[in-house]
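Comments concern the structure below.
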Amino acid sequence: MPQINKLRYSANISKDTKVDAFAIGLFSDLKLDEDTKSFDKSVGKAISNSIESKLFDGSKDQIKIVPTNNSKVILLYGLGKRDDLSSELIRKAGGLISKTAISNKISSLSIVFPLKTQDDYLHQSFAEGIVLGSYQFNELKTEGKKFDLKSLTLVGVEKKPCEKGLAIGTSVCFARDIENRPGNIATPSHLALNAKNIAKNSKVKTKVFERQRFTKMGMGALSAVASGTEVPPKFIIMEYYNAPKKVKPKVLVGKGLTFDSGGISIKPASKMDEMKFDMCGAGVVLGAMRAVSILKPKINLIGIIPSTENMSGDKAYRPGDVLTAYNGKTIEVLNTDAEGRLILADALSYASKHYNPEFILDFATLTGAVVVALGHIATGIMGTSEDLIQEIKRSSKITDEKVWEFPLWQEYLDQVKSQIADVKNLGSAGQAGTIAGGAFLKSFVKEGIPWCHFDIAGTAWGDRNLSYHNKGTATGEVIRLVIDLLGI
Ligand code: BES
Ligand code: ZN
Ligand code: ZN
């Protein structure tokens with residue numbers, strides 16, 4: 001988690017602020033406003049000198065460390081053309097500032113918002129970027145000195161949207177921490193503990209069903225996937241009611257597979273370690289719930305996380321087994337590695353039966369095929385309601401968390417029909433693997449409930465080149481999109 005212990009707000013830049021550095025942004029027109037001009041004078045023309053000497057030209061993604069006439073330094077960052085400014089660009093600038101500060105061991109920093117605007121979302125995005133860019137996952141290192149950005153003074157920002165951006169940013173970082181923890185630490189119990197911690201001091205209530213309980217309740221799919229592990233599986237429910245009870249709740253479901261070995265249909269050894277990230281769907285739900293517990297919107301929201309490992313062994317479920325899910329449908333298992341859709345089947349059935357939801361969204365690192373189709377750039381989505389999908393695409397554009405829709409045509413639904421049971425957990429060999437996942441899940445959402453599935457296997461971690469992500473680690477992707485979709 002970012003460790004920004006001290007946070008102050010200020011209307012103007014002052015060289016006397018007790019910080020080690022100032023971050024000042026300029027567009028490529030290199031125009032300084034009055035406040036920046038007088039600050040520049042007070043620090044021996046450090047800014048105008050670096051412009052004149054062509055050290056800095058204001059192009060986007062540029063950042064230069066400029067000395068002043070005292071011991072403090074300036075991080076001069078570029079924003080490119082004024083007309084091209086967007087919330088994503090300013091989020092990236094925020095990320096670049098905090099990342100650069102940390103890599104240069106600057107622990108206290110005054111960051112100046114680079115323009116005058118009433119657009120709240122620009123202020124929010126800047127704050128998101130600063131927090132996300134300061135994220136490091138170093139809790140498992142015992143050697144080497146850890147370095148954090150400890151004290152921040154934000155200059156010229158609108159406080160309210162900025163606080164919202166900070167709450168969203170820290171919630172994404174909270175999710176990243178959980179997602180980055182390996183399978184021996186981030187167990188189903190660890191996810192349940194985090195759900196309970198969110199519930200402390202907030203309106204969120206958490207219920208956890210243990211193996212015996214959910215098996216007795218009829219969750220035959222989760223129970224089968226969990227049969228190969230001694231590590232206790234959990235079915236986690238988080239309820240947040242802050243609108244009248246008659247208002248239909250929205251439901252978020254997240255795949256909480258804390259380690260996916262593939263089970264008896266075992267995965268190849270190379271990159272199997274990455275399957276510690278197979279609970280990133282659960283991370284989305286926990287991150288969104290944490291943000292909601294802080295921002296307290298007037299909505300009703302439910303989070304559901306089915307959680308287990310997928311292991312092999314003499315107690316494990318087998319290819320060929322037929323399972324009965326919570327909604328009574330039977331499932332033929334053709335590959336024990338297609339386990340995510342199985343545990344989601346029970347969770348979607350549970351959500352459909354117990355909450356008359358306005359809509360259900362599920363988040364899952366479900367298929368390798370989505371990485372082939374969309375790379376690490378976009379999340380694959382598919383669902384049953386055109387209106388809901390349109391809303392999701394709108395939130396995706398706003399937050400710049402990219403989604404791409406796949407079709408759920410009848411032909412694809414036919415491909416998951418089984419000869420001996422209602423459905424099978426595989427589609428047609430070598431074809432449309434991501435859609436087969438969605439087509440399978442559709443059977444477990446009650447007719448009439450708007451539903452959308454997010455396959456985040458490509459976006460939950462990976463090699464995005466963004467200032468506010470760290471390569472190879474969890475991104476917390478789609479939490480920002482979900483917060484926007486919830487109208488917060
Ligand atoms: N957790 C994996 C999906 C995955 C693979 C996510 C690679 C990220 C990177 C999932 O449980 C799985 O194994 N899916 C199989 C499905 C197949 C057996 C139909 C896959 O994608 O190979
Ligand atoms: Zn799998
Ligand atoms: Zn999996």
Pull out a ≥ b ≥ c, the square roots of the eigenvalues of the alpha-carbon gyration tensor of the stretch 35-138, then state rounded if a/c is under 1.5, prolate if not and a/b is larger than b/c, and oblate in the remaining case. oblate
Taking max minus min of the Cα coordinates of the chain on each principal axis, largest first, gives extents in Å of 80, 49, 43
From phi via Karplus (6.51, -1.76, 1.60), per-residue ³J(HN,Hα) for the stretch 202-208 in Hz, x at Gly/Pro: 8, 7, 7, 10, 10, 10, 10
If the chain between Asn465 and Leu140 were fully extended at 0.36 nm per residue, the gain over the current Cα-Cα distance would be 114.6 nm
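What GluC sites (Glu not before Pro) in the stretch 386-460 are in a loop by DSSP, with at most 10 other Cβ atoms within 10 Å of the Cβ? All intermediate terms of the calculation are to be shown ahead of the outcome.
Values: sites: Glu386, Glu391, Glu401, Glu405, Glu411, Glu447; in loops: Glu401, Glu447.
In loop regions of the stretch 386-460 (DSSP not H, G, I, E or B), the sparsely surrounded GluC sites (Glu not before Pro) are Glu447.
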Note to self, the chain gives a 222 nm [θ] from helices alone (DSSP H runs n ≥ 4, -39500 (n - 2.57) apiece, / all residues, nearest 500) of -10500 deg cm²/dmol
At 7 Å along Cα-to-Cβ for each site, give me the label-to-label distance between Lys105 and Gln212 in nm. 5.6
For the chain, with +1 on Lys and Arg beta carbons and -1 on Asp and Glu, the positive-most of Leu191, Ala224, Val204 along the dipole: Val204
Give, as ranges by residue number, the residues of the stretch 39-80 whose backbone N falls under 13 Å from the point 7 Å along Cα→Cβ of Ser28. 57-62, 78-80
By average C-beta atoms within 10 angstrom, highest first, the peptides 159-167, 144-152, 345-353, 283-291: 283-291, 345-353, 159-167, 144-152
For every other residue with a beta carbon closer than 14 angstrom to the beta carbon of Leu85, add +1 if it is Lys or Arg and -1 if Asp or Glu, then tell me the sum. 0
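Given 0.36 nm per residue, what is the gain on full extension from Lys196 to Ser418 after removing their alpha carbon distance, in nm? Provide the component values of the computation, followed by the final result.
Details: separation 222, 0.36 × 222 = 79.92 nm, distance 3.91 nm.
Contour length minus Cα-Cα distance gives 76.0 nm.
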Please name which of Gly303, Leu441, Gly383 has its Cα lying farthest along the dipole of the stretch 181-485 towards the positive end, using unit charges on Cβ (Lys, Arg +1; Asp, Glu -1) and the Cα centre as origin. Gly303
If N is the residue count of the stretch 263-340, its Cα Rg over 2.2 N^0.38 Å rounds to 1.46
So the label point goes 7 Å from the Cα of Lys150 along Cα→C-beta, right? Which residues of the stretch 1-28 then have their backbone N under 19 Å from it? 1-9, 17-23
With +1 on the Cβ of every Lys and Arg and -1 on the Cβ of every Asp and Glu, and nothing else charged, how large is the dipole of the chain about its Cα centre, in debye rounded to the nearest 20? 1560
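Report the antiparallel proportion of the DSSP beta bridges in the chain as a percent, rounded to a multiple of 5.
For the chain, the DSSP antiparallel bridge percentage is about 40.
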Using a simple spin-label model with points 7 Å from Cα along the Cα→Cβ vector, what separation in nm is obtained for His354 and Asp84? 5.0
All Cα pairs of the stretch 189-300, percent lying beyond 23 Å: 37
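Which FRET efficiency value, to the nearest 0.05, do you get for Lys397 and Ser53 by plugging their Cβ-Cβ distance into 1/(1 + (r/R0)^6) with R0 = 30 Å? Let's see the in-between values first.
On the way: r = 40 Å, r/R0 = 1.33.
Using R0 = 30 Å, I get an efficiency of 0.15.
Stretched out fully, how many nm does the piece from Val372 to Leu295 gain, at 0.36 nm a residue minus the Cα gap?
Numbers: separation 77, 0.36 × 77 = 27.72 nm, distance 3.67 nm.
Answer, rounded to one decimal: 24.1 nm.
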Taking amide hydrogens as modeled 1.01 Å from N in the peptide plane, which residues meet the under 5 Å criterion relative to Gln3, leaving out close sequence neighbours? Leu149
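Considering only DSSP beta bridges whose two residues both sit in the stretch 8-154, what percent are antiparallel, to the nearest 5?
Numbers: 5 of 20 bridges.
Percent antiparallel among DSSP bridges in the stretch 8-154 is about 25.
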Give the residue from Asn465, Ala325, Phe235 lying farthest towards the positive end of the charge dipole for the stretch 181-485; charges sit on Cβ (+1 for Lys and Arg, -1 for Asp and Glu) and the dipole is referred to the Cα centre. Phe235
Zone of Asp387 (label point 7 Å along Cα→Cβ, backbone N under 17 Å): which residues in the stretch 450-488? 450-452, 485-487
Amide H contacts under 5 Å for Asn300, placed H, 5+ residues apart: Asn242, Ala243, Lys250
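Just so you know, all these numbers are worked out from the coordinates, no wet-lab data involved. Keep in mind it's a predicted model, so treat the numbers as computed, not measured. Here the Cβ is made from the backbone with ideal geometry for all residues, glycine too, and neighbour counts use every protein chain on show.
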